[in-house]
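Visitor: Encoded as structure tokens, here's the structure I'll be asking about.
The values are calculated or read from the model by the stated rules, or taken from the named source; none is laboratory data. What you see is a predicted model, and the numbers here were worked out from it, not measured in a lab. In this analysis, Cβ positions are derived from the backbone assuming ideal geometry, glycine residues included, and neighbour counts consider all displayed protein chains.
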Amino acid sequence: MELAEGILDGSVKSLARLISWLEDDDERAYEEMRKLYPHTGNAYVIGITGSPGAGKSTLTDKLTQALRKEECTVGIIAVDPSSPFTGGAVLGDRVRMSKLCLDPGVYIRSMATRGHLGGVAKATNDAVRALDAFGKDIIIIETVGVGQDEIDVIKIVDTTILVLVPGMGDVIQSMKAGVMEIADIFVINKADHPGADQLETEIQIRLEQDKHTKSRAWVPPVVKTIAVEGKGIEELKEAVKNHRKYLEKSGELEQKRKRRVKEEILSLVENALIKILQEKFVSKDSFDRVVEDIISGNNDPYTTAKELLKRIGVDVTIQQEGGIK
Amino acid sequence: MFDKEKINDIKKKREEWESSTLKKVLDRFPERKKKFTTISGTEVERLYSPLDIEDFDYNEKLGFPGEYPFTRGVQPTMYRGRLWTMRQYAGFGTAEETNKRFKYLLEQGQTGLSVAFHLPTQAGYDSDHPLSMGEVGKVGVAVDSIEDMKVLFDGIPLDKVTTSMTINAPATVLLAMYLAIAEEQGVPFDKVGGTVQNDVLKEIICRGQYIFPPQPTMRLTVDLIEYCYEHVPRWNTISISGYHIREAGSTAAQEMAFTIADGIAYVQACIERGLAVDSFAPRLSFFFNAFTNVLEEVAKFRAGRRYWAKIMKERFGAKNPKSMMMRYHVQTGGVTLTAQQPLNNIVRVALQAYATALGGAQSLHTNSYDEALCLPTEQAVTVALRTQQIVAEESGATETIDPLAGSYYVEALTDKIEAQIDEYIKKIDELGGTLKAIELGYIQKEIQESAYRFQKEIESGERIYVGINKYVMEEPPLTNILKVDPKIGEMQVERLKKLRAERDQKKWKEALDNLREVSKSDENVMPAVIEAVKARATVGEICDVWRDVYGEYRPKEFV
Amino acid sequence: MSSDKDRKIKVIVAKPGLDGHDRGAKLLARIFAEAGMEVIYTGLRQTPEMIVQTAIQEDADVVGISSLSGVHNYFFPKVVELLRQNGMDDVLVVGGGIIPAEDIPKLKEAGVAEIFGPGTPTQKIVDFIKENVRRK
């Protein structure tokens, strides 16, 4: 089966299968991705992130409906966590998107994290690319809503929307460093709930404070929505458009994408190295023994990593974290 | 209830018993299980004695029948005065067929009607809607318009029977049809009696027949309550339902707690509308499940009555005792029935009916033994009805009031369940009330956890279910089962076509336009709905107006 | 290429029609996930078209549908038929709910792999799926 050709020919089935291969880390996928690559680079990618219960799915649903009115085709990747204990997952985001189900201009894919941290799955980036090649104009990634660590998404998307809801305590104060900075657009969803105005003020104050420390040409707008009623969705859509215009004009879009390619190459190399190591040099059993060795104090991770790399012909000094997963 | 000296004496005797008589036996014959629990997972002690209800204050906890806190029952004579209403839920196929079964049931001694509507009616769709495909006439009777309703009650005098209708989000529409027919029969509204379920919150929590978002759907609920208070005084305006919560997997205490939480939300909404609590509260009614664990069910009913009375009196300042009474209908547990060895279900239903009688219900539906397999056949329905007649006439449960009162076990369990209810109500208050707790998925998750726990207990063999994980046997499939004629769908669609072609178009349009305006305003919708159904507007058309004005509810799924 | 045992089985759990009894469907979704599968839960009020579109987009291996309202004779074969029309013949379709024994042969003939009635141990369903699921 030639999935790439199918995808370029508009086959949803081929697209779906390729994404499965990507998720399963099936080697066949990369040959198809290589063929698709020349056809990518046209889609605009939006990330929607925020805490659980913030209304990300509903917002994704409504934003997509608004985009469809403009004849934009949309791909959605909705990420949910896998259970660390069983490896399984219940992916329930489609429930709130059932109106989009039969729209041929929309493709929805549920994706489990399969142990990957950062709010997206390992295959998310490549799946975005596949959707891009398939011809979707806009791709929306809805991240896992587990906490405030979903910052991997910014490596994949052009515009990051951070969804907050009033009445969940002192959100801004408790926000970890770095999370505020990822937002290109703030959404205050459930804006009819008490505390919405206060939340807006808090965000504005924080943005004002940040201005003194960083020079930021783009000042993230704050959009209030009541997603279930479809309120504020047009404004959100406009905000995304404005951000896109800004990125294009300022040249930041190009820079972002360059950065992304760089990271991608690195991560491909990393993955390949790990794979080679795991498949050719250390079986699961022997790896367990290596780990035992370290735990029992007979060796240390630094020496071990160096030795392993030597086996595949790389001689380095390990200085920092990372490397072996 | 016991004096100190006596208690100390019992305590001493008990200790002696434990260290001698009991110990000797336990040493040689350990008990069957380490821990005994009710079907809800509540731990049950080996033995209950006065020690378990040491501080029991009779007057405070039980009182007398027909008096606060109504633990012993809502009427002073209970079943010595009048037996509960035997009300079998029925409905399938076309209005003609259900009309026939209604008449059959009335001939067999049933004392009230209970209408099951097919799912399209319950979800506010006409029989020709795409989502109605395959559903027409399946789990209830197909009612699209007042014409179907007329056929359904043909030859049944609406001043002589009371009718319960299982209808929620579109309750106003079906009540409007019923009232319009009563009017045609020449029965004044104040002679019309019955119940609409009208409990939209539990649809959102667990039953799935929702249409509109919580706020507007609550508005329709309150409109109905307000209208009936003024015009249909004998109508039970809501049947706040724990039945489905239990079916969805809750424990007995959760069933009672979440139903009371819903009840609190409705009372609150009516008060916010400006209704005085004692004006509408006497017409509130409840609907519960009964499982096979007889004593736990009895304790649940007693605890619920007592807790609701306290809430109405203390939280809402009700003065009229009728406002504090938890009057309720019971249906035996649908999920307790097994498809395996279906005749065993007759025994389960008998025990459940017995629990209901001992618990003091106002009306009862007993399930048919074949319901885990199909819609009940006439024979199965008759056995079910006979089951409750045997409980009423032969078992002795009806001869004295609240016969289990004073049982150390039942009183201790009643107290325990009441404490569990209280804990849940406090938690829900903390979360910001029932609507908020539903929005957060708290109630749904609690129910699902219990369902999951129960399933695990069954599969591990920790809990025995006859015919499922013990005493299993091969058996031929049940053959005599009721099937709905698949042609009903086409017939109903034809009927709709005809209705739409023949009705007075101008009158119809005006009625719907008026309904739209009223629905946007603060005015009570009931009069406009009655006009619309008289103008032959269908259930689907009326609900479409509201879908347009109010939007549609999309559930949050919590798995 | 990773081996078949590394692959996740993807299951759609769907409630067709207007039936709102989702206790069983939700319970199974959880049990399947605990068995290591990835479960796409669609929620209520699904038409056969919606179920099949979901299966296509998610590249599902299994479609599990549950009905307690007596619509199985219409819905289950329709789902199978639409899957076939879309070239998804190898998707395993299993059903559950209140289904009279006499309907089962017809449903199987129509292409439903298995029907699990009330009281079926969930492990039996998990095992059936694991044994009969396609290999991609």
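Visitor: Before we move on, is residue B:350 touching a residue at least 40 places away in the same chain (Cβ under 8 Å) and not in a loop (DSSP other than H, G, I, E, B)? Quick ask: steps written out before the conclusion?
Guide: Values: touching a residue at least 40 places away in the same chain (Cβ under 8 Å): yes; not in a loop (DSSP other than H, G, I, E, B): yes.
Judged against the criteria, residue B:350 is a match.
Visitor: Of (1) under 15 Å from residue B:113 (Cα atoms); (2) within 22 Å of the chain's Cα centre (by Cα), residue B:237 satisfies all except one. Which?
Guide: (1)
Visitor: For region B:416-442, give me the residue count where each residue is farther than 21 Å from residue B:296 by Cβ and not in a loop (DSSP other than H, G, I, E, B).
Guide: Applying the first criterion (farther than 21 Å from residue B:296 by Cβ) to region B:416-442 yields B:426-442.
Remaining after also requiring not in a loop (DSSP other than H, G, I, E, B): B:426-431, B:434-439, B:442.
Qualifying residue count for the region: 13.
Visitor: Could you grab me the full set of residues in region B:353-383 that are within 13 Å of residue B:330 (Cβ to Cβ) and in a helix (DSSP H, G or I)?
Guide: Of region B:353-383, the ones within 13 Å of residue B:330 (Cβ to Cβ) are B:353-367.
Selection gives B:353, B:354, B:355, B:356, B:357, B:358, B:359.
Visitor: Inspect region A:168-184 for any residue being part of a loop (DSSP other than H, G, I, E, B), within 14 Å of chain C (Cβ to nearest Cβ) and modelled with pLDDT under 95 and give the result as yes or no.
Guide: So far as region A:168-184 goes, no, none of its residues is part of a loop (DSSP other than H, G, I, E, B), within 14 Å of chain C (Cβ to nearest Cβ) and modelled with pLDDT under 95.
Visitor: Within region A:66-80, does at least one residue satisfy the condition of being within 14 Å of chain C (Cβ to nearest Cβ), modelled with pLDDT of 95 or more, closer than 24 Å to residue A:114 by Cα and assigned to a helix (DSSP H, G or I)?
Guide: Checking region A:66-80: not a single residue is within 14 Å of chain C (Cβ to nearest Cβ), modelled with pLDDT of 95 or more, closer than 24 Å to residue A:114 by Cα and assigned to a helix (DSSP H, G or I).
Visitor: Out of the residues in region C:69-86 that are touching a helix residue (DSSP H, G or I) at 6+ places or on another chain (Cβ under 8 Å) and assigned to a loop (DSSP other than H, G, I, E, B), state the one that is nearest to the other protein chains (Cβ to nearest Cβ).
Guide: C:69
Visitor: Is at least one residue of region A:233-251 crowded, with 17+ Cβ neighbours inside 10 Å, at pLDDT below 85 and within 14 Å of chain B (Cβ to nearest Cβ)?
Guide: No; the residues of region A:233-251 include none that is crowded, with 17+ Cβ neighbours inside 10 Å, at pLDDT below 85 and within 14 Å of chain B (Cβ to nearest Cβ).
Visitor: Among A:87, A:6, A:53, A:47, which is within 14 Å of another protein chain (Cβ to nearest Cβ), among the small types (Gly, Ala, Ser) and either touching a Lys or Arg at 6+ places or on another chain (Cβ under 6 Å) or not in a loop (DSSP other than H, G, I, E, B) (or both)?
Guide: On the way: A:87 fails: either touching a Lys or Arg at 6+ places or on another chain (Cβ under 6 Å) or not in a loop (DSSP other than H, G, I, E, B) (or both); A:53 fails: either touching a Lys or Arg at 6+ places or on another chain (Cβ under 6 Å) or not in a loop (DSSP other than H, G, I, E, B) (or both); A:47 fails: within 14 Å of another protein chain (Cβ to nearest Cβ).
Exactly one residue qualifies, and that residue is A:6.
Visitor: Just name the residue that is farthest from residue B:491 (Cα to Cα) out of those in region B:135-165 that are of a type in the set (Val, Ile, Thr), within 14 Å of chain C (Cβ to nearest Cβ) and surrounded by 24 or more Cβ atoms within 10 Å (Cβ to Cβ).
Guide: B:141
Visitor: Under the condition of being in contact with a Lys or Arg (Cβ under 8 Å, 6 or more places away or on another chain) and either in a helix (DSSP H, G or I) or not basic (Lys, Arg) (or both), which residue from region C:101-136 is surrounded by the fewest Cβ atoms within 10 Å (Cβ to Cβ)?
Guide: C:111
Visitor: Same structure, new question: Do the conditions hold for residue A:58, that is, is it within 14 Å of chain C (Cβ to nearest Cβ), assigned to a loop (DSSP other than H, G, I, E, B) and of a type in the set (Ser, Thr, Tyr)?
Guide: So residue A:58 does not fit the description; no.
Visitor: What single numbered condition from (1) in contact (Cβ under 8 Å) with a residue 60 or more places away in the chain; (2) closer than 28 Å to residue B:417 by Cβ; (3) in contact with a strand residue (DSSP E or B) (Cβ under 8 Å, 6 or more places away or on another chain) fails to hold for residue B:175?
Guide: Of everything listed in (1) in contact (Cβ under 8 Å) with a residue 60 or more places away in the chain; (2) closer than 28 Å to residue B:417 by Cβ; (3) in contact with a strand residue (DSSP E or B) (Cβ under 8 Å, 6 or more places away or on another chain), residue B:175 misses just condition (2).
Visitor: Continuing with the same structure: Give the residue that is surrounded by the most Cβ atoms within 10 Å (Cβ to Cβ), with candidates limited to residues of region B:486-499 that are more than 13 Å from chain C (Cβ to nearest Cβ) and of a type outside the set (D, E, K, R).
Guide: B:492
Visitor: Check residue B:459 against each of (1) among the acidic types (Asp, Glu); (2) more than 9 Å from every other protein chain (Cβ to nearest Cβ); (3) under 29 Å from the mean Cα position of the chain (by Cα) and name the one condition it does not meet.
Guide: If we test residue B:459 against (1) among the acidic types (Asp, Glu); (2) more than 9 Å from every other protein chain (Cβ to nearest Cβ); (3) under 29 Å from the mean Cα position of the chain (by Cα), just (2) comes out false.
Visitor: Ok, one more. Based on what the data block shows, is residue A:256 charged (D, E, K, R), under 30 Å from residue A:29 (Cα atoms), without any contact (Cβ under 8 Å) to a residue 60 or more places away in the chain and assigned to a helix (DSSP H, G or I)?
Guide: no
Visitor: I've got another one for you. Go through region A:30-53 and report how many residues are buried (at least 23 other Cβ atoms within 10 Å of the Cβ) and more than 27 Å from residue A:248 (Cα to Cα).
Guide: Result for region A:30-53: 1.
Visitor: Let me ask another. Could you tell me how many of the residues in region C:87-100 are over 12 Å from the mean Cα position of the chain (by Cα) and either of a type outside the set (Val, Ile, Thr) or in a helix (DSSP H, G or I) (or both)?
Guide: Step one: list which residues in region C:87-100 are over 12 Å from the mean Cα position of the chain (by Cα), which gives C:87-90, C:98-100.
Still in the running and either of a type outside the set (Val, Ile, Thr) or in a helix (DSSP H, G or I) (or both): C:87-90, C:100.
Of the residues in region C:87-100, 5 are over 12 Å from the mean Cα position of the chain (by Cα) and either of a type outside the set (Val, Ile, Thr) or in a helix (DSSP H, G or I) (or both).
Visitor: Follow-up question, since we're still on this one. Can you list the helices (runs of 4 or more DSSP H) found entirely within region B:213-286 that contain at least 1 residues being more than 24 Å from residue B:319 (Cβ to Cβ), without any contact (Cβ under 8 Å) to a residue 60 or more places away in the chain and within 14 Å of chain C (Cβ to nearest Cβ)?
Guide: Because the criterion is at least 1 residues that are more than 24 Å from residue B:319 (Cβ to Cβ), without any contact (Cβ under 8 Å) to a residue 60 or more places away in the chain and within 14 Å of chain C (Cβ to nearest Cβ), the helices (runs of 4 or more DSSP H) in region B:213-286 that meet it are B:243-247, B:252-273.
Visitor: A further question on this structure: Just one of C:60, C:29, C:35 is buried (at least 24 other Cβ atoms within 10 Å of the Cβ) and within 7 Å of another protein chain (Cβ to nearest Cβ); which is it?
Guide: The unique qualifying residue is C:29.
Visitor: What about residue B:483, is it under 28 Å from the mean Cα position of the chain (by Cα) and at the interface with chain C (Cβ under 10 Å from one of its Cβ atoms)?
Guide: So residue B:483 passes the test.
Visitor: OK, next. Among the residues of region C:24-51, write down those that are over 25 Å from residue B:553 (Cα atoms), of a type outside the set (Val, Ile, Thr) and either in contact (Cβ under 8 Å) with a residue 24 or more places away in the chain or not in a helix (DSSP H, G or I) (or both).
Guide: Residues satisfying the conditions are C:32, C:35, C:36, C:37, C:38.
Visitor: Report, by residue number, each residue of region A:9-44 that is touching a Leu at 6+ places or on another chain (Cβ under 7 Å) and not in a helix (DSSP H, G or I).
Guide: A:43
Visitor: Of all residues in region C:92-115, how many are within 11 Å of another protein chain (Cβ to nearest Cβ) and hydrophobic (A, V, I, L, M, F, W, C)?
Guide: Total satisfying the criteria: 4.
Visitor: Still on this model: If I filter region B:443-450 for residues that are in contact with a helix residue (DSSP H, G or I) (Cβ under 9 Å, 6 or more places away or on another chain), more than 12 Å from every other protein chain (Cβ to nearest Cβ) and of a type outside the set (Gly, Ala, Ser), do I get at least one hit? Write out each step before concluding.
Guide: Kept after step one, since they are in contact with a helix residue (DSSP H, G or I) (Cβ under 9 Å, 6 or more places away or on another chain), are these residues of region B:443-450: B:443-444, B:446-448, B:450.
With more than 12 Å from every other protein chain (Cβ to nearest Cβ) added as a condition, the list becomes B:443, B:446.
Checking which are of a type outside the set (Gly, Ala, Ser) leaves us with B:443, B:446.
Yes, some residue in region B:443-450 is in contact with a helix residue (DSSP H, G or I) (Cβ under 9 Å, 6 or more places away or on another chain), more than 12 Å from every other protein chain (Cβ to nearest Cβ) and of a type outside the set (Gly, Ala, Ser).
Visitor: A further question on this structure: Test each condition in (1) among the β-branched types (Val, Ile, Thr); (2) under 18 Å from the mean Cα position of the chain (by Cα); (3) assigned to a helix (DSSP H, G or I) for residue B:292 and report the one that comes out false.
Guide: Every condition holds for residue B:292 apart from (3).
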